């Protein structure tokens with residue numbers, strides 16, 4: 001095997017270059033982020049754009065709101081290079097879609113490829129949280145959680161994977177799971193949500209093994225308690241709950257959405273080319289108890 005970089009290049013007498021940081025460059029790459037209208041999805045999308053990718057944020061609203069447009073404007077005002085390889089900067093685009101509609105999702109990614117010529121990164125992030133007593137859980141509510149959190153994730157991954165295979169792109173598909181796919185949250189009646197996120201973990205492993213021969217990597221990210229606007233609105237109605245949940249992990253606090261940026265860039269970029277079928281927990285150590 002020929003020397004690639006790092007120590008091998010040094011021992012081979014190659015001219016020194018800064019290669020480690022350049023692995024994270026996403027210049028000239030195209031990404032799809034579902035659930036990208038707000039919260040964790042929008043934070044992930046911005047991180048990809050800052051690294052040079054053209055990022056399509058997909059969500060249900062027919063048009064983005066003022067907050068999303070502010071983030072898009074911020075991305076547009078970034079320096080003209082990604083500061084890694086001196087290449088062109090990325091941008092954010094918005095597209096409306098429903099992840100539970102399989103054929104529509106396939107069409108969405110086809111339209112992105114028609115416009116941009118490629119799809120390199122897919123972040124299947126859209127999901128919902130719903131709770132109810134396990135013995136009384138309404139059938140329709142349970143089915144809705146699984147429809148969005150499981151079927152929607154599969155349809156998104158299919159849509160991107162089909163185009164990656166057709167174009168011969170060695171792409172990266174990233175599924176947003178949760179620490180709740182590994183553990184049970186103390187005191188929470190989240191049987192549907194926990195079940196759905198456990199399914200996402202197994203889906204990522206299964207897709208990774210099946211798609212590896214096609215050069216497509218599949219991994220998952222399992223966030224812990226992350227403080228988003230939606231989380232804040234929920235906690236406001238439950239006095240004392242923020243302190244109670246914070247105490248459930250060794251760091252004693254909630255995570256911030258921006259603390260998912262690093263793992264997002266790692267899995268999306270060439271920094272993780274030998275990483276597939278993996279789940280990376282970003283949970284303040286809660287699963288380590």
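Tabulated data for the structure shown
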| quantity | calculated |
| --- | --- |
| Failed criterion for residue 209 (all others in (1) farther than 26 Å from residue 150 by Cβ; (2) in a helix (DSSP H, G or I); (3) at pLDDT 95 or above hold) | (1) |
| Residue 242, sole failed condition from (1) over 24 Å from residue 138 (Cβ atoms); (2) at pLDDT below 95; (3) loosely packed, with under 15 Cβ neighbours inside 10 Å | (3) |
| Residue among 131, 127 that is closer than 20 Å to residue 39 by Cβ and at pLDDT below 95 | 131 |
| Per-region count, the stretch 212-229, residues closer than 21 Å to residue 38 by Cα and assigned to a helix (DSSP H, G or I) | 1 |
| Residue count for the stretch 255-278, restricted to those that are crowded, with 20+ Cβ neighbours inside 10 Å, out of contact with any strand residue (DSSP E or B) (no Cβ under 6 Å at 6 or more places or on another chain) and outside any helix (DSSP H, G or I) | 1 |
| Options 232, 187: the member that is part of a helix (DSSP H, G or I) and in contact with a helix residue (DSSP H, G or I) (Cβ under 9 Å, 6 or more places away or on another chain) | 232 |
| Those strands (runs of 3 or more DSSP E) lying entirely in the stretch 12-106 with at least 2 residues buried (at least 20 other Cβ atoms within 10 Å of the Cβ) and touching a residue at least 60 places away in the same chain (Cβ under 8 Å) | 30-34, 54-59 |
| Tally of residues being in contact with a helix residue (DSSP H, G or I) (Cβ under 7 Å, 6 or more places away or on another chain) and farther than 19 Å from residue 52 by Cβ across the stretch 251-274 | 4 |
| Leading residue by the ranking (surrounded by the most Cβ atoms within 10 Å (Cβ to Cβ)) among those in the stretch 181-209 that are free of Cβ contacts under 8 Å to residues at least 40 places away in the same chain and closer than 22 Å to residue 122 by Cα | 198 |
| Residue that is nearest to residue 191 (Cα to Cα) [pool: residues in the stretch 134-144 that are under 28 Å from the mean Cα position of the chain (by Cα) and surrounded by 15 or more Cβ atoms within 10 Å (Cβ to Cβ)] | 142 |
| Candidates 112, 119 - the one that is touching a strand residue (DSSP E or B) at 6+ places or on another chain (Cβ under 7 Å) and part of a loop (DSSP other than H, G, I, E, B) | 119 |
| Sole residue being crowded, with 23+ Cβ neighbours inside 10 Å, more than 21 Å from residue 273 (Cα to Cα) and touching a residue at least 60 places away in the same chain (Cβ under 8 Å), chosen from 131, 152 | 152 |
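The values are calculated or read from the model by the stated rules, or taken from the named source; none is laboratory data. These figures come from a predicted structure and were not determined experimentally. Glycine gets a Cβ as well: all are built from the backbone with ideal geometry, and neighbour counts include every protein chain shown.
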